[in-house]
Amino acid sequence: MVFDKHPILALTSKGALANFLLRTGAGWVVDPKDAAGVLGAVRERYRQWKAGERGPVADPEIVASFDRRKLPGRLAELFDRLNVAPRNRPARNRPARNRPARNRPGGGSNGK
């Protein structure tokens, strides 16, 4: 996995990616508009490299929870939980809508 080898310098705004990287400790998160922040992160990593330091390493437990072999099981558990939720609403039978066919360019022929 990518998190096992090298620290990450993510140039990204606040959001899911930034939160994930901060949570795992996999590297640096810097806003792409923050030139001084980018320079500072690059300098810090260079300093670590020169000193023989490994740099940030992702938390293996958090990263392992996103393993592609484990995610289907987690999704199945979620569906199981949703499936056993009580259903208080009666089923509604809706009549089918009669929609007119859309006019498509070429009218379904060979375009002539």
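Values in this text are rule-based calculations from the coordinates and carry no lab data. Here the structure is a predicted model, which is why all the values come from computation and not from measurement. Note that we place each Cβ from the backbone using ideal geometry, even for glycine, and neighbour counts take in every protein chain shown.
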Computed lengthening from residue 51 to residue 38, 0.36 nm per intervening residue step minus Cα-Cα distance: 2.7 nm
Highest-first arrangement of 8-16, 65-73, where packing means the average Cβ count within 10 Å: 8-16, 65-73
Formal net charge of residues neighbouring residue 15 (Cβ-Cβ distance under 13 Å; K, R +1; D, E -1): +1
Projected label distance in nm at residue 12 and residue 75, using a 7 Å step from Cα toward the beta-carbon: 2.0 nm
Spin-label zone in the range 1-45 - amide nitrogen under 16 Å from a point set 7 Å from the Cα of residue 65 along the C-beta vector: 16-26
Whole-Å semi-axes of the range 2-82's equivalent ellipsoid (Cα gyration tensor): 31, 16, 7
